[in-house]
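To keep things clear, I will list the structure first and then write my remarks on it.
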Amino acid sequence: MINYLITSILLSAIGGTTYLLFVKRHAQPLHRKLFIYFVVVSSLSLPALSVNADKISQKTAAIHEIATPFGAQWNVNELQLKHFCNCENPNFAHHVSYRSNALYNFFVKNKKTFTLLLLSAMGLVLLRILFQYIYLFRLMKHSEKEEMLFSGKKYTVLHTPTPHNIGAFQLEKPYIIWQDEMNSLNKAELNAIIQHELSHLRQYNTIEKAILSLIQCWWLLNPFFYFFKNELELISELIADQRGLKELGSRKQYAQLLLRLKELQSLPVVSHFLGSNELKSRIEYVLKNPPAYSLRPLLTLIFVLGLQLTLVNTLSAQVNNTLQQLETYEEIYLNHPEEEKCYYCTDCHTVCFPGDE
């Protein structure tokens, strides 16, 4: 399982770096979103198909401890080490020299504490999304409901008992949060906001946020996950802004509308008119011409998926080897905390410690 986790993080790093270098500034918002979707899915699925996915590293309990007679100043060469190896045909290249490391020792001693903290953080992520959905259900239940027709389709509009940001979310059906300040806008501005919110509903952003929260439990320590998450939030706003801009017609007027409503606060799980903290990026995007259609994102995605597919077995094997060595270090440290260094054979799991002269 740890092998799968680390390999998936490495694959996401490949996709995230490529996106940052070749896609982010050169692709339309929808193509950027699709690129990230495919990278996330491939990073999570390919490690499960690796030949090393289910391979369990060797149990460190199989270690055979052998004290060498070379004393504290030992320097074991290939010929000498063969006498202290259980392999029929010892391979000196497969012997690893272990040295005590204070940082490793600290993590080994506090392994249970770190594991508990990590599991607690994962639990908090799940609780957060649960409380957010409970809040939305309560908001839906205690708000005054009104059916309105937008773009030829009926939507349930919520008039909340306390002020909330203009927004939209989806539970068993889509809802739009209506606020009094919307009545002060002219018809064109109001339609722009409505189309912006309808775009969020068409993108299923509420469901997207819930799925990302579940992925966060697995990728809690993956820095590229938070990059993807922030990018998807911004891209969803850019796509919604495109729809609102199309309705309003004026780039300058739409940018001014964003600034006029910037003081409104938001619900984290609700996709809303000012849902992204990257307001500056949104305004800059609104005021400039969007990137022209290009095959670059598709060709880059094909390259990334091919690279991930090519490297997944190699990365997984290397991770497996590293995990086995770390497990061996832990076993040696726990059973021989005073030893400063030793040799370990990765083939027969023989540990050679320096002895007294």
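The values are calculated or read from the model by the stated rules, or taken from the named source; none is laboratory data. Note that the structure is a prediction, hence the values are computed from the model and not measured. When we count neighbours, we look across all protein chains shown, and the Cβ atoms used for this are built from the backbone with ideal geometry, even at glycine.
A few remarks follow.
- Selection from segment 158-178 of residues that are within 18 Å of ASN191 (Cα to Cα) and in a loop (DSSP other than H, G, I, E, B): ASN165, ILE166
- Long-range neighbours under 7 Å by Cβ, at least six apart or interchain, first residue among the charged types (D, E, K, R) within segment 201-213, second surrounded by 15 or more Cβ atoms within 10 Å (Cβ to Cβ) and not in a helix (DSSP H, G or I): LYS209/VAL269
- Candidate set from segment 170-226 (those that are of a type in the set (D, E, K, R) and surrounded by fewer than 17 Cβ atoms within 10 Å (Cβ to Cβ)); member that is farthest from the chain's Cα centre (by Cα): LYS187
- Boolean, GLN256 is polar (S, T, N, Q) and either closer than 30 Å to VAL125 by Cβ or outside any helix (DSSP H, G or I) (or both): no
- Selected residue (criterion: nearest to GLN253 (Cα to Cα)) from residues of segment 276-332 that are outside any helix (DSSP H, G or I) and not hydroxyl-bearing (Ser, Thr, Tyr): LYS288
- Just one of the listed residues (PHE131, PHE137, PHE114, PHE92) is closer than 30 Å to CYS342 by Cβ and at pLDDT 90 or above, and it is PHE114.
- Selection count, segment 143-157, where residues are surrounded by 16 or more Cβ atoms within 10 Å (Cβ to Cβ) and either polar (S, T, N, Q) or farther than 16 Å from ASN191 by Cα (or both): 1
- Those residues of segment 179-188 which are at pLDDT below 90 and either outside any helix (DSSP H, G or I) or touching a Gly at 6+ places or on another chain (Cβ under 8 Å) (or both), in sequence order: GLN179, LEU185, ASN186
- Any hit, segment 3-19, residues being over 20 Å from the mean Cα position of the chain (by Cα) and either at pLDDT 95 or above or assigned to a loop (DSSP other than H, G, I, E, B) (or both): no
- Segment 286-301, subset over 21 Å from the mean Cα position of the chain (by Cα) and among the hydrophobic types (A, V, I, L, M, F, W, C), residue modelled with the lowest pLDDT: ALA292
- Pairing each residue of segment 280-293 that is free of Cβ contacts under 8 Å to residues at least 60 places away in the same chain with any residue that is outside any helix (DSSP H, G or I) and exposed (fewer than 13 other Cβ atoms within 10 Å of the Cβ), provided the two are 6+ apart or on different chains, yields no C-beta distance under 6 Å.
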